[in-house]
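To keep things clear, I will list the structure first and then write my remarks on it.
The values are calculated or read from the model by the stated rules, or taken from the named source; none is laboratory data. Please read all numbers here as calculations on a predicted model, not as lab measurements. Counting neighbours? That spans all protein chains shown, and the Cβs are built from the backbone with ideal geometry, glycine included. To get the accessible areas, we keep the full protein, side chains included, count just its heavy atoms, and leave off ligands, DNA and RNA. Shrake-Rupley method; radii C 1.70, N 1.55, O 1.52, S 1.80 Å.
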Amino acid sequence: MAAPDRSPAREVRLERRTSQDPQVLALVGRYVAELDERFPSGFTVSGPDDLVDPGGHYLLATVDGAPAAVGGVRPVVSPEGAAEVKRMWVDPAYRGLGLGRRVLTALEELAVELGHRTVVLDTNRTLGEALSMYAAAGYREVERYNDNPYAEAFFRKEL
């Protein structure tokens with residue numbers, strides 16, 4: 001694939017999609033494949049409900065009409081009724097355009113719209129670029145809040 005045009009005139013759109021949207025499923029599938037390559041012990045999901053949360057709310061970012069990034073939020077059981085950011089990923093061909101930060105901000109706005117005032121997320125320390133982005137976006141590291149076997153770092157942000 002040719003390198004994307006990084007000119008500011010590109011059209012970037014963020015759209016709400018369902019968990020069963022074919023473009024959401026395709027990008028999340030590519031996300032899983034990348035994690036499987038990058039994680040020392042690999043990465044697998046056990047079934048479709050582990051790929052995307054059927055109760056989750058997803059955003060799809062397109063650049064000039066092409067699917068470029070994805071992310072979701074879902075409610076989690078917590079004292080504060082937090083939303084959890086899940087399956088956030090930017091296609092490597094579109095990295096460096098600020099899409100990750102745009103999707104994260106839009107997911108936070110979606111969480112507020114859905115009635116949440118706190119967001120949490122987990123990640124693996126192999127994903128240094130994600131760790132940097134979360135810190136720059138105001139997330140603070142917290143204690144483990146789930147049993148995700150791939151997660152090594154846990155974050156929280158008050159909205």
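I'd like the full set of residues that are touching a strand residue (DSSP E or B) at 6+ places or on another chain (Cβ under 7 Å) and closer than 17 Å to Ser78 by Cβ, limited to region 122-153. Within region 122-153, Asp122, Tyr139, Arg140, Glu141, Val142, Glu143, Arg144, Tyr145, Asn146, Asn148, Ala151 meet the criteria.
Checking each residue in region 133-145 for being loosely packed, with under 11 Cβ neighbours inside 10 Å and of a type outside the set (D, E, K, R) picks out only Ala136. Scanning region 98-131 for residues that are among the polar types (S, T, N, Q) and more than 14 Å from the chain's Cα centre (by Cα) returns Thr118, Thr126. Return a yes/no flag: does region 87-104 have any residue that is open to solvent by 20 Å² or more (accessible area, probe 1.4 Å) and over 22 Å from Glu15 (Cα atoms). The answer is no; no qualifying residue exists. A single entry from Val63, Val24, Val52 fulfils the requirement of being under 14 Å from the mean Cα position of the chain (by Cα), modelled with pLDDT of 95 or more and not basic (Lys, Arg): Val24.
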